[in-house]
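Visitor: Below: one structure in structure tokens.
The values are calculated or read from the model by the stated rules, or taken from the named source; none is laboratory data. This is a predicted model, so every value here is computed, not measured. Cβ coordinates were reconstructed from backbone atoms using ideal geometry, including for glycine residues, and neighbour counts include every protein chain displayed. SASA here: full protein model, heavy atoms, side chains in, ligands and nucleic acids out. Shrake-Rupley method; radii C 1.70, N 1.55, O 1.52, S 1.80 Å.
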Amino acid sequence: MRRPMVAGNWKMHGTRASVAELINSLGHLALPSGVDVAVFPPSLFINQVIDGVKGKSISVGAQNSAVESEQGALTGEIAPSQLVDAGCSLVLVGHSERRQIMGEQDAVLIRKFAAAQACGLIPVLCIGETLEQREAGKTIEVVSAQLGSIIDELGVDVFAKAVIAYEPVWAIGTGLTASPQQAQDVHAAIRAQLAAKNSEVAQGVRLLYGGSVKAANAVELFGMPDIDGGLIGGASLNADEFGAICRAAGN
């Protein structure tokens, strides 16, 4: 049985004051014991968040990490080993905003994924299609290629220690959400792609849905057989809303 997971991606939001307020509110939530809860603050606030959630069942991850696992001459980057030292346990790899805005290609993401795992971080691989690609009927083709780049280079077994987040680009921050059945169809295709290489890995890996998830639609989304939780954007900045989504995953 896969344990549900709800992860909050805070993106480029927060000040020391607002982060302190959010941590305080999260600390008062009644989180379900059967759900893994994680937050991904901007790197500037990682230490503050790790200190703030001590004693709570909330993991902390980073939104990005370097292509090299150890410290070195990469100005502006943060090594996975430094994130581990700070207390992080997870890192996002390949979020659509980094693919599209920062121009990160598969070759770079393969290196980031491998570097993160080499230090013991759990990569959360983000994959998803644009509206244009969906309308052209290329959803499965695009998602399969993004996932396949990692499988082809690193092998399917790496997903025994990773999480996959399907985030249709057209549904991120737009208020649009894939219907539960649309999301399930893609999640099932992802699991089938993994199963073609290793059925045990496929059954064990957690597949999260991301894309305008709210408390109002979380129960129906998380009720789908291949959706194991969510990667939550804007709603994770509101502790009450985030708590309600976590409880939905617990149901």
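Visitor: Considering (1) in a strand (DSSP E or B); (2) in contact with a Cys (Cβ under 8 Å, 6 or more places away or on another chain); (3) touching a residue at least 40 places away in the same chain (Cβ under 8 Å), say which one Val124 fails and leave the rest.
Guide: Answer for Val124: the failing condition is (2).
Visitor: Only one of these is closer than 23 Å to Pro4 by Cβ and either at pLDDT 95 or above or within 17 Å of the chain's Cα centre (by Cα) (or both): Ala183, Ala136. Name it. Quick ask: steps written out before the conclusion?
Guide: On the way: Ala136 fails: closer than 23 Å to Pro4 by Cβ.
Being closer than 23 Å to Pro4 by Cβ and either at pLDDT 95 or above or within 17 Å of the chain's Cα centre (by Cα) (or both) holds for just one of Ala183, Ala136, which is Ala183.
Visitor: I'd like the residue in the range 193-251 that is charged (D, E, K, R) and assigned to a loop (DSSP other than H, G, I, E, B) and, out of all such residues, is most open to solvent (accessible area, probe 1.4 Å).
Guide: Ranking the candidates gives Lys197 first.
Visitor: Still on this structure, I have one more. State all residues of the range 79-118 that are over 23 Å from Val37 (Cβ atoms), open to solvent by 10 Å² or more (accessible area, probe 1.4 Å) and not in a helix (DSSP H, G or I); if no residue qualifies, say none.
Guide: Ile101, Met102, Gly103, Glu104, Gln105
Visitor: Something else about it: Output the residue which, of all residues in the range 157-179 that are modelled with pLDDT of 95 or more and in a helix (DSSP H, G or I), is least open to solvent (accessible area, probe 1.4 Å).
Guide: The selected residue is Phe159.
Visitor: What are the pairs with Cβ atoms under 9 angstrom where one residue, in the range 138-158, is without any contact (Cβ under 8 Å) to a residue 24 or more places away in the chain and the other, located anywhere, is open to solvent by less than 30 Å² (accessible area, probe 1.4 Å) and of a type in the set (D, E, K, R)? Sequence gap at least six, or different chains.
Guide: Lys138/Glu129; Glu141/Glu129; Val142/Glu129
Visitor: Give the range 78-114 a look and list any residue that's closer than 27 Å to Thr130 by Cβ and charged (D, E, K, R), or say none. If you could, list the steps in order and put the result at the bottom.
Guide: Pass one, the range 78-114, residues closer than 27 Å to Thr130 by Cβ: 90-114.
Correct list: Glu97, Arg98, Arg99, Glu104, Asp106, Arg111, Lys112.
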